Each structure stands twice: as C-alpha cells, then as structure tokens.
1. Please give the average number of partner chain Cβ atoms lying within 10 Å of the Cβ of each residue in B:96-107, rounded to a whole number.
2. With everything on Cα atoms, drop me the angle between helix B:33-46 and the longest principal axis of chain B, reported from 0 to 90° to the nearest 10.
3. Considering only DSSP beta bridges with both partners in the protein assembly as shown, what is the antiparallel share in %, to the nearest 5?
4. Once you average over the residues of A:203-211, how many Cβ atoms of partner chains fall within 10 Å of each Cβ?
5. State the extension gain, in nm to one decimal, for the chain segment bounded by B:D220 and B:A41, taking 0.36 nm per residue of separation less the distance between their alpha-carbons.
6. Go ahead and set up a Gaussian network model of chain B, Cα springs under 10 Å, then flag whichever of B:L272, B:L103, B:L193 fluctuates most.
7. Which angle between 0 and 90 degrees, to the nearest 10, do you get for helix B:265-277 versus the longest principal axis of chain B when only C-alpha atoms count?
8. With a sphere of radius 10 Å drawn around the Cβ of A:R198, what net charge do the other residues whose Cβ falls strictly inside it have (Lys, Arg +1; Asp, Glu -1)?
2 protein chains.
Amino acid sequence: MTDRTTLADVAAAAGVSVSTASLAFSGAGPISAATKERVLAAATELGYAGPSALGRSLRSGRSGIVGVVIGDQLRRSFRDPVSVQVLDGMAGSLGPRGLGVLLVPATGEEGYTDDLLVSTAPMDAAVLLFGARRESPIFDALRSRGIPVVLGEGPHDLGVPVVGVADRRGTELLAQHLVELGHRRVAVVTLPLGGARRCAPVDDRRLAEIDCPPAEHRLDGLRDAGLDPVVTVEASASLVEAGAEAGRLLLDVAEPPTAVLTHSDLLAAGVLIAARELGLRVPQDVSVAGFDGLDLPWLAPDVLTSVSQPFAAKGAAIADAVMAILAGETPKDVELPVELRLGTTTAPPRA
Amino acid sequence: MTDRTTLADVAAAAGVSVSTASLAFSGAGPISAATKERVLAAATELGYAGPSALGRSLRSGRSGIVGVVIGDQLRRSFRDPVSVQVLDGMAGSLGPRGLGVLLVPATGEEGYTDDLLVSTAPMDAAVLLFGARRESPIFDALRSRGIPVVLGEGPHDLGVPVVGVADRRGTELLAQHLVELGHRRVAVVTLPLGGARRCAPVDDRRLAEIDCPPAEHRLDGLRDAGLDPVVTVEASASLVEAGAEAGRLLLDVAEPPTAVLTHSDLLAAGVLIAARELGLRVPQDVSVAGFDGLDLPWLAPDVLTSVSQPFAAKGAAIADAVMAILAGETPKDVELPVELRLGTTTAPPRA
DNA sequence: GCGGATCCTCGAATCGATTCGACCAGCGCC
DNA sequence: GGCGCTGGTCGAATCGATTCGAGGATCCGC
C-alpha cells in the first residue's frame, strides 16, 4: 500500500479546504449538505476510512484509551473469573462510549524496574483492578504521568475513586445464615492479606497488618454477625488449588469446624474438594460457603451457598467513574449491593 | 493540575532547544553527557514524565497498540480459560517490546451496525482470536482501515497469517490412544461449527458447511487414526454446560458409546458431569477425553486425558507474527506442537 | 596560525487532524 | 438602497514530539 490517504487528500479531491473536510466528518460546525456529500463521496472514492485516531488524539489531548494495569497478582487473577468478568463488563461499557481498554502488564511489586508500558502507553486514565496495594511503584509512575486512577477494590484513603461491593454486609448476611443454622464452630478462609503469599493460619499480628480491603471488610462482617471464627486461614491466592490446600489444613484435624466460610467461590470449591478427599460429606458433615456468586457448573449437582456480587455492574461502575473523571468531575466511591444466595452446601451442623 | 508540562517547557528550563531536549530522551543522536544531564535534571525538576506517547505516535505513525477484537463469540469465550491464557501470553510477550494490547469489543456478526472502536481506535495491527469467520464485517472494516490482521486460529486462505496448533495430529494421537485401548464405539463432541449455535447431532450436510478450522482439523485427525465415530454432536459453545448438554444427548441412550472424544476440556468436563448424573462411572463405564490441556483442579481426583496445547507459546507466536508484520515482513503461518497427556478418564471399555 | 574534520546544537519542517477567527456572499429589513 | 446578520468556507495556528540538514564551536594536525 502507498501512504495512507489523509484528510488533506480527500479535501483536495473534493475541491474543498482541509478544514471544511474535517467539518464534514466531525459535524461540529455549519456545513451545507451538498458540500458534505461531496466530501464523503470523495472519501469513499479514495478509500479513506475516516479521520485517523492519532491526529485527533494529538489535537484533543485524549487517546480514548483506558489502561488496565495487570500486576503480578493480577496476572495471576487472570485465572480468576471474577476479574475477567469485571474486565468484560468494563470493556462492554466503555466501548460504546468510544473508549478502549488497554491491557498494561506490569512487573510485580518486587522486581519493579521500569515497565515500558506503564510509563509510555497512551492512556487517559488507568484502572487498577483488585490487588491495589498501598505503596506501589505502579501507582507512583501513573501519578507522575498525571494519569488519573480508578480502583476496582482497594483502600479508600489514596485519594482516588474506589468501586467496590458491600463486602462487609454480604459477609454479615452469610455469617447470620450460618449462625441461624446452628453453627458455632466456624472456620474462615481469607483472600491473600497482602505481603508475601502463604497458606497459613492467621494470628493477631497478621490480622493487624492486612493490606487487602475486601478481606478486611469481609472479616469485619463476621464480627457484625457476632461470629467469632474458631480458626482463620489465609489462602495463597483466590484459586481452587489454594482453597483445597487451606481446606486440608482446616479439616484434617481431630475436631474440624462444622462450617467453613471462605472469601471467594473458588476457595470454597477448593475446600469442597478437600472435604471430599477427606471423606467428609457436604453439607452433612461440614457446611461450606463462598463469596462472589460465580456460576460453577462443574460443582453440579452441588450449588454453592454464596454472596453474589454484580460483575457486569461493577465493570460498568468503574467505567462510569472513569468517564466522570475524564469529564473533570470527582466521582464518589461506589459500593455495589450484594445478595445472599443459598445453595446446597450449607445445612445445620450434625447433632 | 495545570497544563501538562511538555518537552518545550523542559527545553526552555534547561536552556536548550526542543530538538536537543528530544535527543536527550530518545538518545537517537549525538549529545554531550553534560547537556543530557541538564535536560534530565530540568525534567525531574518540572515533573516531566518523559515524552508523551501521543506526539511520538503522530510523528512515527505508530501507536504501539495491538487491538484484540472481541466479537460476540469471543466475549463468550472470555469465559473460556483458553482464550484468556493466550491473551495473557500475548500481553506478556508484547508488553516488553513496547506494545500494548487493546481490547476491542465488537458487536456480533449479525447485529453489526458500526462498531465505534473497530473503526476508530488507534491500532497498528489487530488480532482476531478464535472464531474468525470467513465473511466478517469486522474483517472488512479493519481491512479498509489498512490495519494488518493476525489470526489466532482461523482459515488459512484469507491472506493473513494464522497461528494455530497441530489440531489434526493431536486428535489423531488421542484417537489412536482410544483405539489401542480397544474402543470401537466412540462418540465425538465438537466445537461450534459456525453459523447458528446449536446442540445437536451433526449430519453430512452440516459437516460440509463447517466454518471453524480447528473443529474441521480435529475431525480430520480422527479419520487419520482410522476412527469413524458412531455419532457426532455439535456443542453450542466451549463451556461446561454445553458439554453437559451434549453429554446427556450422547449417553442417555440405550447403547451409549464406550468413549467420548471432545474438542475441548471444558466440553469434556461437561460430559463427565453428565455421565455422573446418569450414574455412569468414568472411565469404567465410559472413557472421556478432551483437548487443550487445561489445568482443571476441580475435577480432582480425576485428571482429564487430553491433548495439551501451549497457551503462552501461542500468545507469544501471535505476538511474533504481529512484530513481523509491523517490521514489514510477511510472517508464515505457524502450527504449534501439541502433546498427548494421559489422565485417569480413559481406560479399556468394559467387557 | 590556518584548513579541515568532528562533535554538538539548533531551526524548521512534518505527522494528521481540529478549531477559532476572518471573510464573503446573500438576504431580510427598514 | 444601505446596513447588519448569518450561513458556509477557508487560512492559519495548534497539539507534542521527531528528524534532517545546516551551522557553529572546538580541536587536531600540519
């Protein structure tokens, strides 16, 4: 192909000035129908596919691109349907408004040297989906570039809008449900609490250094329901394997809990598997509950008792926040409602 | 914040010309260490975070962005770990080379009106991941914009590079394995074959109109192994639910096949579930095999017999093809090797 | 001490489009 | 018939950076 045809070519072909040709496409100005048609015809003739995004961007200072930064933990969470569905919701909501979602891989927190894309990719705004830690070089890099940031879950004290769900209330509902069923010895499996990843019981010191808002709020919710877990285990990731590992830790003991409340459906599925391995029946021997409301057909015929959060709506809310920021507003933090969804994995404790 | 500081500001502050300042950043020209340092110092002083991507793009004509078009079927396949992992591989491979991956949602084939992003988003190249149909308005739109395209799976006769895996050989290996075990009555569950989605037996007419290269090649592989399926069912999507639906169709009959060979692990998982529902033991009563080599921990203790394809490598190969195209070369089609992975879900037929 | 080579630095053009102000003609109104 | 308005076009500046050729200073060798 020769050089791309430009607006100037079209204008020349149509016998009008470049500015007039521009008007014909943008429609942002007075232009006679006849002229417009002539320009458009010339464009078709020349195979001109509309104004180049680049030129437009430069002029407007906007690239029409929203970056989603994928850090190490997020790359991991690419395996988590939750992030993927939220991402899908974002893309679906941003797309029709002319904004594209750019995947920006970033090195982990540790080995951070200099992420090419974080520091060079064109972005009007950036979204950190989950796993936004308080002190992140990524955050700094974005800040220094003057790129506004929106958080999908994260700390509320960073001065950037946060979109989250009613973690606390949701867990409270779940805990209440278990209490009403008669459970007293309840174990908890949490999301990674921040810092080094591990699968281990959580002690008070660890509790004090939590740097993962959702996990924190979900733990608070338990207390709201007056539930004091007999043991709390931190999972190394929100994955089935990690749940199974935590499950073994919890259930392979002399006096296992009568119910396990987990911070995600994937973790719950893992616990379910661990229980099965250990010959425990669910829910007769042990009840299991999750969080997220994922559709897990492979658990059939079981259906997880869980708290469902609106993925698509979350993506849309993040998109709204981004739009608001770009419009110069200062969007408020959003907390989306959740819903208790009873399944077949919870029942009254045995005897 | 005031106006973004520009290279001109930095140059002024450092007391040099804009061009010299540019040199200090790009390093593409002779510049004295002293000057360079002065410019960089001024930049730090002013909080200038490097040359704006926009200006650079305009000049170079490159945006540094690779679009991944997500059509209807692809949006669906966001639920499929295969696509997600390939996407992850792409992003990981493109990122360090300074290219970002832009998610470009597109309307389905049918209701195609005018996808804002497909026609306006800046892209140096576009990737259609799976589900590239022969006649797609998306394809045309891209072509008319002069954007080179790379296919992740797809027809080889479109004049664009295709990256795929050894579907045919892989299926042949799998079929051989089943034959060697003694299976003669083997059923097949295929990927959606193109056109309207349905869950139904496939007849010759349907076979003739397949518009889904991977499915086609995988069917060819069967024949290579001398295996003639007793019945072939087309799934409505590569999802567990769809597999279960197809599984019921196949297994809930008087004389069920002794083995079911599916076109994806998710489908195989669905068949497994259907078998379980029907009281059939796997692999004693029926063998089940998949394709993809997904890690499905929730199938534990079962491990699917499958053909594993290299997801990350596939993403990387697509990235390579994109780089090659951008370098002005004409990359060859790539066929990545696959590997037979024996699990616990296949065994000799009963009696 | 002077010519020539080297090394830096600078000015200006360029990429593709938007946009503001100027300009012109035609028209209505008094 | 003149004045003022307005709809439609056009010129030129602008966005932020890159790049090439020109020019100036320095330094070397003779």
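1. Numbers: counts 5, 2, 4, 3, 14, 8, 10, 13, 4, 10, 1, 2.
Per-residue shielding by partner chains comes out at 6.
2. On a 0 to 90 degree scale, this one is about 80.
3. Working: 13 of 77 bridges.
Antiparallel: roughly 15 percent of the beta bridges in the protein assembly as shown.
4. Numbers: counts 0, 0, 0, 0, 0, 0, 0, 0, 0.
Across the residues of A:203-211, the mean count of other-chain Cβ atoms within 10 Å is 0.
5. Working: separation 179, 0.36 × 179 = 64.44 nm, distance 6.43 nm.
Here the answer is 58.0 nm.
6. B:L103
7. 40 degrees
8. Working: positive: A:R197, A:R206; negative: A:E234.
Charge balance in the 10 Å sphere: +1.
The values are calculated or read from the model by the stated rules, or taken from the named source; none is laboratory data. Fair warning: this is a prediction, and the values are worked out from it, not measured in the lab. Cβ sites come from the backbone with ideal geometry, for glycine too, and all protein chains shown count toward neighbours. Calculation scope for accessible area: heavy atoms of the full protein, side chains included, ligands and nucleic acids excluded. Shrake-Rupley method; radii C 1.70, N 1.55, O 1.52, S 1.80 Å.
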